[in-house]
Amino acid sequence: MNHKKIALGTVALIGIFVAVALLMTSTVPMKAHDVSLIKKTIKITMDEFSFTVDGVKGGAVNLKVGDTVTLIFENKGKVLHDAHFGTDADLKGRFFKKNIVAPFDMLVLEANERAQLTFTPTDPGTFELACFQPAHYEAGMKVVFNVTK
Ligand SMILES: [Cu+2]
């Protein structure tokens, strides 16, 4: 009985070594991947009823085609906010008719929540970053979103 316990303990120990070894080998390429991807980070906070871009309230988001950028959102307000990127706001449908990336209906943040989004713009243009919660866009919760060549 005692012998069996020791054997099981050894198996468990080997299992831990294998798990640690796998973890070490799998995290090394992931770290390298992350370091190469994050070239630019922009912090965007939301409140009632504005976006603050890298500390500038109502400031524009300026990107270049091909830049991999991570947008870090934080809702510092008291109510729910969302983030959409595009042109031709449809205020009845509460969305952009043309999105620069897939519609970000999933980027909806409750108060104090944070989210990040990493992407690489492929086409230049002047767009908007806006919140489509009822009456927020109308209250001025939008900023210019420039993508230049
Ligand atoms: Cu909002």
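The values are calculated or read from the model by the stated rules, or taken from the named source; none is laboratory data. Bear in mind the structure is a predicted one, so any value in this text is a computation, not a measurement. Backbone-built Cβ (ideal geometry, glycine too); neighbour counts: all protein chains shown.
Structure notes:
- Within the range 70-101, considering residues that are surrounded by 14 or more Cβ atoms within 10 Å (Cβ to Cβ) and in contact with a Ser or Thr (Cβ under 7 Å, 6 or more places away or on another chain), the one farthest from Val147 (Cα to Cα): Lys76
- When the range 39-52 is limited to residues that are closer than 21 Å to Glu110 by Cβ and either away from the ligand (no atom under 16 Å from the Cβ) or of a type outside the set (Val, Ile, Thr) (or both), the one that is surrounded by the fewest Cβ atoms within 10 Å (Cβ to Cβ) turns out to be Glu48.
- Test result for Gly55, on the phi > 0 side of the Ramachandran plot, modelled with pLDDT of 95 or more and more than 12 Å from the ligand (Cβ to nearest atom): yes
- The one condition in (1) at pLDDT below 90; (2) of a type outside the set (Lys, Arg); (3) on the phi > 0 side of the Ramachandran plot that Ala21 fails to fulfil: (3)
- Any strands (runs of 3 or more DSSP E) falling wholly within the range 108-149 and containing at least 3 residues that are surrounded by 15 or more Cβ atoms within 10 Å (Cβ to Cβ), hydroxyl-bearing (Ser, Thr, Tyr) and at pLDDT 95 or above: none
- Selection count, the range 42-84, where residues are among the hydrophobic types (A, V, I, L, M, F, W, C), touching a residue at least 40 places away in the same chain (Cβ under 8 Å), under 15 Å from Phe127 (Cβ atoms) and not in a loop (DSSP other than H, G, I, E, B): 7
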